[in-house]
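Everything below concerns the one structure shown next.
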Amino acid sequence: CIRDSNIITLIKTQYFFSLCFILVSLQIQTDKSYAMNFITDFKHNLFNTSSENFEEKALSLFLYQAEHNPIYYHFLHYLRIIPSKIKSIEDIPFLPIEFFKKHTLKTNDFKSETTFQSSGTTGNQTSIHHVKNTDFYLKNCQEIFESFYNPIEAYTVLALLPAYLDRQNSSLVLI
């Protein structure tokens, strides 16, 4: 039985790691040494996230993106949001899914090791998520799962996903 506080924590964690994926996916045009130091430090400390430091890390990541990501910077400017006035993760705006359909969202210039695409069930253009390091991406997913449940090895996952198996770029089936 999952308590309400666990659901809230799960939602916040999923939100936080969504921001992490955006950090790894959005194009930054800034001082490369600062960007590299921030990204290296953030990735190094990512798996030491706890309920005590979660909000601080999420806000730090938000401020970094707001200052150093041109697409996100302009999005916030359009919304008339002053990043330094954001004091709660609930107030951090998400990028609309359309951005992932109409822009190549990456951090720095890299060759995508993996590119995930949405299913396109609406018949519209699919959204794209570029992944620089598939191993880090999978480790991140496993860490999130195991932080709420048990080691992944304790589970057998059975799923019938024939349409996804036919799609080579689905994030739901990574073969």
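The values are calculated or read from the model by the stated rules, or taken from the named source; none is laboratory data. Just so we're clear, the structure is a prediction, and the values are computed from it rather than from any experiment. Every residue, glycine as well, gets a Cβ built from its backbone with ideal geometry; the counts of neighbours run over all protein chains shown. The protein model used for the area step is the full one, side chains on, heavy atoms only, and it has no ligands, DNA or RNA in it. Shrake-Rupley method; radii C 1.70, N 1.55, O 1.52, S 1.80 Å.
The residues in region 108-143 that are open to solvent by less than 30 Å² (accessible area, probe 1.4 Å) and either farther than 18 Å from Asn169 by Cβ or in a helix (DSSP H, G or I) (or both) can be counted, and the count is 2.
Could you tell me whether any residue of region 58-67 is open to solvent by 50 Å² or more (accessible area, probe 1.4 Å), assigned to a helix (DSSP H, G or I), hydrophobic (A, V, I, L, M, F, W, C) and under 25 Å from Asn37 (Cβ atoms)? Checking region 58-67: at least one residue is open to solvent by 50 Å² or more (accessible area, probe 1.4 Å), assigned to a helix (DSSP H, G or I), hydrophobic (A, V, I, L, M, F, W, C) and under 25 Å from Asn37 (Cβ atoms). For Leu105, the requirement of being surrounded by 12 or more Cβ atoms within 10 Å (Cβ to Cβ), modelled with pLDDT of 80 or more, touching a helix residue (DSSP H, G or I) at 6+ places or on another chain (Cβ under 7 Å) and within 24 Å of Lys132 (Cα to Cα) is not met.
If you check Ser33 against the conditions, is it open to solvent by 40 Å² or more (accessible area, probe 1.4 Å), modelled with pLDDT under 80 and either more than 17 Å from the chain's Cα centre (by Cα) or of a type in the set (Gly, Ala, Ser) (or both)? For Ser33, the condition - open to solvent by 40 Å² or more (accessible area, probe 1.4 Å), modelled with pLDDT under 80 and either more than 17 Å from the chain's Cα centre (by Cα) or of a type in the set (Gly, Ala, Ser) (or both) - is met. Selection of first residues in region 85-96 that are farther than 12 Å from Ala58 by Cα and of second residues that are among the acidic types (Asp, Glu) and open to solvent by less than 100 Å² (accessible area, probe 1.4 Å), restricted to Cβ pairs under 9 Å at least 6 apart or on distinct chains, gives the following pairs, ordered by first then second residue: Lys85/Asp91. With respect to being open to solvent by 50 Å² or more (accessible area, probe 1.4 Å) and modelled with pLDDT under 80, Asn150 falls outside the description.
Results for (1) surrounded by 15 or more Cβ atoms within 10 Å (Cβ to Cβ); (2) modelled with pLDDT under 85; (3) basic (Lys, Arg), shown as yes or no for each residue.
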| site | (1), (2), (3) |
| --- | --- |
| Arg3 | no, yes, yes |
| Leu10 | no, yes, no |
| Thr13 | yes, yes, no |
| Leu23 | yes, yes, no |
| Phe47 | no, yes, no |
| Ile71 | yes, yes, no |
| His74 | no, no, no |
| Ser84 | no, no, no |
| Glu90 | no, no, no |
